[in-house]
Each structure stands twice: as C-alpha cells, then as structure tokens.
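To start, the structure itself, in structure tokens.
Readers should treat all values here as calculations from the given coordinates under stated rules, not as data from a laboratory. All values derive from a computational prediction rather than experimental measurement. As a convention, Cβ positions derive from the backbone with ideal geometry for all residues, glycine included, and neighbour counts pool all protein chains shown.
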Amino acid sequence: MTNAVTNRTHPSKRMMFTAISSLILVFVQMSNAAEDSLLLPEWFWNPPSIGGECFAVGYSRRYEHLESSFGEAHKDAIRALNRDLHCQVDVPLGTTGTGRGMRVWGKEVRIESDTAVEALLMESAVRLDSCVTADLVLMLVGTSITEIDKRRVRSPVGRDIPRGIDQDRISAAGSAQPYVYEASSWQAAEFEARLQAVGYIQTSVRALTKSEKGVVTTVTDQVSFVEHLRFDCVARRRDPLTGEHLVIVIASKAVK
C-alpha cells in the first residue's frame, strides 16, 4: 500500500501571502493616485489667452457621485469668471476698516461682483473642458469657444514670476501649502494671488489713477479708493518637492 503525499501550504502562510499582496496593491493604488493628481491638463498650467476673452477654472472635491462634483466645480468656475471679468475693489487708504471683505496689511479691502451678471454667466459661459483625478475635479469655462490643449502633463518648472505694476497692469502671485483636499489648496492660492494684486493697488495708487490726458490724480488723502479691475490667470504651478501651489495673475483696469 503506497501512502500518497500531498504538498499543502500552511493556512498561516496563505494568510500572510494574501496580506502582503493586499498591502502591495494598496501601495500601488496610492502611488497611481498620487501620480494622477500631478498630471493635469496643459490648459490648467498655462491658461488660454485670447484678447478680450476671459477664462476661469472651478474646483471641487471628488465626491462619490461625480455629478455633484461637476456641479460644484461649474458653480465655482462661474463665480470665478464673474469676479475676474469685472469686479469693484474698494481699498481704504487712510483708515482700517471693519465688516466683511478681505484684509491687506491690516486694512479692509472689499472685492465685489454683480450677482445679476453671475446669473447671466451661468447661462452664457461656455464649458470648455473638465478633468477628474483621484481627489479633484476641475472645470474650465470661458466667454468664448476656443481650442485648448487637453494633454495631461506635470506642472512646468520655473519660478520666474513678474511682480508689481507696469503701467496699468499688475502682476501678482499667490501661493498655498498643501491642504487635506487638493481643491482647497488651489482655491487658497487663487484667492491669495488676487489679494496680492490688490495689495499693490493699496501701496501704489498713483500708478492706477491716471486720467485720460495722462495727468496723475493724487488720492492718498481720500478715505478709500475704488477701482474696477479685471483679473486674468496666466499660469499655475505646483512644486513637486514641497507641494506648494502657485497661481500667477495679471490685474488690469476693467472696461466699464
């Protein structure tokens, strides 16, 4: 009588192999998700530029139901487009303000946009493209249809950023460190960039108050200075080492 010998893997070894395989799979998925979040459309890093037209990006977290994410990103994009097209900036020059608004170096600054215009933009603005990553949804809207580069690439390198006032144009940059949610990081950087641009107005009012004949009007004795601005985002960057989010904007006088 011959005894049959069967090779069997011990249950504890099978469990260990399964656990290790599961961990490897998790790490691979995490690595792919991290890589996915770094690859964004070219139009995001270098926004389209067409004379007279305006483009804006809206952000949202990626929810379980993508429809909710797209809806939130679209609303955020329309708010951004409305703000950037024509906003009123009320900058106090001699007193510290109170109430709502944004503060620049301890003084109250109000940046307001027309809600009626926002409602119109909800209907008229063109949805140009969207992008979904592991935790972020982007949407690009604009005032006209244009060709855009949809290739998903890493952030360009380089930090040669012009800052300050050149005639009636202001270049400013805003940055934000990584938040828990990628959408919040970019929104904070967008906000900071426009805040910095307004800060240049506060400290260099003369450069933005030229009359049609080129005569500079002194307003430094006034309590506040009201300017109508248009913002255009010209670049976005993300530092691969520190994770810093950077947004570069140009502010110019809006056509009333």
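Counting Lys and Arg as +1 and Asp and Glu as -1 over every other residue whose Cβ lies under 10 Å from the Cβ of Tyr181, the net charge comes to 0.
Taking segment 131-154 and a reference point 7 angstrom along Cα→Cβ of Leu39, the backbone N atoms nearer than 19 Å belong to 131-139, 149-154.
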